[in-house]
1. Could you give the length gained on full extension between B:Asp384 and B:Thr184, defined as 0.36 nm per residue of separation minus the Cα-Cα distance, in nm?
2. In this model, which of A:Lys25/A:Lys268; A:Lys18/A:Lys126; B:Lys320/B:Lys381; A:Lys94/B:Lys275 are farther than 29 Å apart at the alpha-carbon?
3. With 10 Å bins from zero, work out the P(r) of the stretch B:240-355 over every alpha carbon pair and list the percent per bin.
4. What value, in deg cm²/dmol to 500, does the helix sum -39500 (n - 2.57) over DSSP H runs of n ≥ 4 give at 222 nm once divided by the residues of chain A?
5. Quick one, can you get me the convex hull of the C-alpha atoms of the stretch B:213-300 expressed as volume per residue in Å³?
6. Would you mind telling me the antiparallel percentage of the DSSP bridges in the protein assembly as shown, rounded to 5?
7. At 37 °C and 0.692 mPa s, grab the translational diffusion coefficient of the stretch A:109-206 from Stokes-Einstein with a Kirkwood Rh over Cα pairs, rounded to a whole number in µm² per second.
8. For the peptides A:230-236, B:176-182, B:92-98, what is the packing order when you average, over each peptide's residues, the other Cβ atoms within 10 Å and list the highest mean first?
Amino acid sequence: MDYGLKEDINFMNRIEKKFLELRKKRKRAFITYITAGYPSLKMTEDIVLALESAGVDIVELGVPFSDPMADGLTIQKSSEKALERGANLTGILKRVKSIRSKSDIPIVLMSYLNPVYHYGMDKFVKDAVSCGVDGVIFPDLPPDEAEDIVRYSNNMKFSVIFLASPTSTVERLKIIAKRSQGFIYYVSLTGVTGARKVLPADIAAHIKKIKEFTAKPVCVGFGVSNAVQQREINSIADGVIVGSAVVDFIRKNETRKDLGQRVGGFIKRRFDLT
Amino acid sequence: MIPNRKGYFGKFGGRFVPETLMSALQYLEKEYMSAKKEKSFRKEMEYYLKEYAGRPTPLFYARNLTKRFGGAKIYLKREDLLHTGAHKINNTIGQLLLALRMKKYRIIAETGAGQHGVATATAAALFGCKCSVYMGEEDIRRQAINVFRMRLLGAQVIPVSSGSKTLKDAINETLRDWVTNINTTHYVLGSVVGPHPYPMMVRDFQSVIGREARRQIIDVEGKLPRCLIACVGGGSNSIGLFYPFYKDKVSFIGVEAGGLGLSSGSHAASLLKGKIGILHGSKSAVLQDNDGQIETTHSVSAGLDYPGVGPEHTYYMNTKRAEYVAVNDREALSGFKMLSEMEGIIPALEPAHAIYYASKIAPKLSKKDSIIVCLSGRGDKDIDIVKEYFKF
């Protein structure tokens, strides 16, 4: 059967293996975003390890950027703080390497294009892979402009994940479905990141449309902040991505020494992680 | 033909935005390309530019400046005489007509100095659209008169308190609004920056400056000028003046904001001191640090206080079609004073940069040559800043 994934397990990266495993168990993915370097890079490591123990399937590490135009206040503020405390791409890659000595959880970087462009796209893919990063998501890079990064990551165990949105036309959905690797990130709403009380009613219709073009997993992010929404989405998609709700919890517990454990506890209390 | 189909001027430009904006940008491009070919759209544009905005603007021979500095004759393209007091209205009329065509009746805009905000609020009032303008808190403080004007015109002015509280942060916030209200809202971007088709479209709307100036200078001088000088923030008045002379043997000089000096770190000279990067949807020269974070800028003129620049300028610099220089705050203020006292024209602080540079270059040229300086706006909005500076 075509899972939209590479068939030979030897050529799969951790993201692809994870989705294969989840599909066999008929389970949905729970993906968590945190801003790397907030409150510190050391804490980021603690949090990632705690998220893994709590049962999170994939971690997205946000690379902080000075001008996060797709983000709401929560992630804007966490990025600002992370930058003040000296977080940068080099430091984040190093930290992933350190996490890798203790954990096999799939890790995806989520970065605006400029910090990576400045680092050098080819160098970035090489260094990211060697540090144990499994893929990347750029909120400001549509597939139309992504030739370079796709070329550099060819034949590497590295997924370039593209986003689809409620405003994507059918032609665009086809291109996104074809080019996205690992999974397709469906943006639930027209807007910036941040917890919402109500999610749009048209998510199911859009996911159905995407599924017409691909068997790749489709996960839904933006606005998701509780188990009710999670269940709703899990009934139509392959998983959810939760960001601002977690970052907001981190902000409220910023100074706690056992922050990692607390974040793990929060995730378990707030969402279904079975 | 520049830009190419994907919105690239050579290696610069493109469309680096969240997926949510992509279909709106494609729609805007399609509507603009077909409107541009329609006689009725062009006629309507011309009508409003002439009867409402006050075009054509004069090309004034600055006799006193010329006499004082010797050398080439200095001509001023008087965009300051337009309705609302700056060149910005050339673009906002065009974009409002497009918004109506696309049936998008909510208008949003960013503004730095407030001139683009005022021009957008004005066009929105004229065409019966709702208008919200994002403006950095720092700019609200230093350009208070324009904030009041926008409110009088019925626009909502939304203060932006993130980052450096200036133009770049106002653009971020406007993009966030657009991503949220994409189905009902048109974003009237005010300069030749941002994702394709904005750099091309805004250039086309502003090219009326250069088309008129080219005709006018040939009328009075019987030949083309030796060079064109204009200030460059995002770069809309300069591209507007330069572009119609692109194929001519006329040199282009873009003047960036030198702030407290290029070595001080407090300036806004993106082309002279920046590196290629991606900001606000396009690939161009960007002031950024060693981690690719966007740097905060400084200029006495809010309209030039921006860490990026239009991709077409980066292309002109890269291909050596234009030369870029910097004029610092102190020099710009002396340009301001000079034009006020010698020609009876109070310029905005933005074109005061270009005036100052013209006074340096004119003496080096022959008396038979002429220079055109784009006087992109008038100085009323800057009175408080100047008052403080000269301790009047």
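Here, each number is a calculation from the coordinates, and none is a lab measurement. Because the structure is predicted, anything quoted here is derived from the model rather than measured. Glycine gets a Cβ as well: all are built from the backbone with ideal geometry, and neighbour counts include every protein chain shown.
1. 68.2 nm
2. B:Lys320/B:Lys381
3. The distribution over the stretch B:240-355 is 15, 40, 34, 10, 1, given as percents.
4. -13500 deg cm²/dmol
5. Per-residue hull volume (Cα only) is 121 Å³.
6. Restricted to the protein assembly as shown, the bridges split so that about 20 percent are antiparallel.
7. Reported coefficient: 227 µm²/s.
8. B:92-98, B:176-182, A:230-236
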